[in-house]
Amino acid sequence: MNIVCIEPLGISREHFESLKAHYAALNHNFSYYMDRREDEAAIVERMGDADIAIVSNIKIPSTVLSRCHQLKYISVAFTGLDHIDLAYCKEHHIEVQNAAGYSTTAVSELAVGMMIDVLRKVSEMNVAIRQGQGRGGFLGRELYGKTVGVVGTGAIGTATIRLLKAFGCRVLAYSWSMRPEVASMGVEYVTLEALLQQSDIVTLHVPLTDQTRGLIGSRELSMMKPTAMLVNTARGPVCDIAAVAEALNQGRIAGAAFDVFEQEPPLATDHPLINAKNCVLTPHVAFATEESFATRADIVFEHVDQYLGR
């Protein structure tokens, strides 16, 4: 089979060459690219003749897939699959498999780090001290003792809960199904409304689906405490981002931290969150650590080997 990795995945050329030798020994052709291209013409050029393609979060719409006539399997080096036209893949018998679990630690650590950043005003003070200011009137808040509402108790939500419990937080959870291991940690499952009303911090850990799109909008934000914070390391469209910016600017919530948006960064200079008050932004990097990328590569190519071994 013709196997193509259409982007570098954060691994070295030496690693790719070892994979090339591995697949050659199995009588398969393996090619790879050390740069990332997101335009459709380049994607088709790279994977147009592939039987198996490896990709992370580059959008793969039907306009690309329809020009990849040999494609049978996509190994996705990412947790979410909303950037791939799954309906087309299903209709044309193209199997798609994600790399679940590779970034669980990375995302949960950044979510908690963002909470501390906003509570202690780390990013704000970093700017101030570089402008020649001292402590001034800066006064932070502690994570210890806060009530944190975790929306979604899958692997990442659960890992975040473990960290929060270690910080001495009271944790509430909302999810479509209750996990006994989460409840055993002293976490109380409640309705979304109760979680929003009681939490000092709300952190989102759900995939983007028809049910979660716009899950947090003006109505939900109005239920939150004016002293509360919203953290989103899940997917941008889970929130009505314009409504979040408005709530921040009007003081209806006290802070926010976003790693994800309606589109991949860079953001337009007039994006609602760019100039929103008390808002920390990162360019969709929650998943991106040296450790997670190494784990991701192992998972992705193990999946390819499993597919070839059928």
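Annotations for the structure displayed:
- Per-residue accessible area (protein heavy atoms, 1.4 Å probe) orders SER75, SER222 as SER222, SER75, starting from the largest.
- Segment 56-213 shape via C-alpha gyration tensor axes, a/c threshold 1.5: oblate
- Rounded to the nearest 20 debye, the dipole magnitude of segment 226-298 is 280 debye, with +1 charges on Lys and Arg beta carbons, -1 on Asp and Glu beta carbons, and the Cα centre as origin.
- Cα gyration tensor shape of segment 160-310, rounded if a/c is under 1.5, else prolate or oblate by comparing a/b with b/c: oblate
- Added length on full extension, which subtracts the Cα-Cα distance from 0.36 nm per residue, SER31 to ALA183: 50.1 nm
- Candidate residues LYS90, LYS20, LYS59, LYS225: accessible-area rank, largest first, probe 1.4 Å: LYS90, LYS59, LYS20, LYS225
- Ranking by accessible area, most exposed first, for LYS146, LYS277, LYS72 with a 1.4 Å probe: LYS277, LYS72, LYS146
- Selected from THR158, ALA100, HIS83, residue furthest toward positive end of dipole (segment 65-161; charges at beta carbon): THR158
- Measuring only protein heavy atoms, the 1.4 Å probe finds TYR33 accessible over about 70 Å².
- Value of Rg to Rh for segment 249-304 (Rh from inverse mean 1/r over Cα pairs, i.e. Kirkwood): 1.17
- Residue among ASP200, ASP82, ASP210 with the largest mean-square fluctuation in a Gaussian network model of the chain, springs linking Cα atoms under 10 Å: ASP210
- Degrees between helix 13-25 axis and first principal axis of the chain (Cα, 0 to 90, nearest 10): 40 degrees
- Probe 1.4 Å - accessible area at PHE287, Å² to nearest ten: 30 Å²
- Heavy atoms of ILE299: accessible area, 1.4 Å probe, square angstrom to 10: 30 Å²
- Using a probe of 1.4 angstrom and keeping all protein chains present, the accessible surface of segment 19-162 works out to 49 square angstrom per residue.
- Gyration tensor verdict on segment 178-246 (Cα atoms; rounded if a/c is under 1.5, prolate if a/b is larger than b/c, oblate otherwise): oblate
- Among the listed values [x] 33, 59, 9; [y] 30, 51, 18, 0; [z] 33, 55, 12, 0, the one matching P(r) over Cα pairs in 20 Å bins from 0, in percent as calculated from this structure is [y].
- Once both labels are positioned 7 Å from their Cα atoms along Cα-to-Cβ, the gap between GLU264 and GLU290 label points is 2.4 nm.
- Using only side-chain charges placed at the Cβ, +1 for Lys and Arg and -1 for Asp and Glu, the dipole size of the chain relative to its Cα centre rounds to 1000 debye.
The values are calculated or read from the model by the stated rules, or taken from the named source; none is laboratory data. Since this is a predicted model, take the numbers as computed values, not measurements. Here the Cβ is made from the backbone with ideal geometry for all residues, glycine too, and neighbour counts use every protein chain on show. The protein model used for the area step is the full one, side chains on, heavy atoms only, and it has no ligands, DNA or RNA in it. Shrake-Rupley method; radii C 1.70, N 1.55, O 1.52, S 1.80 Å.
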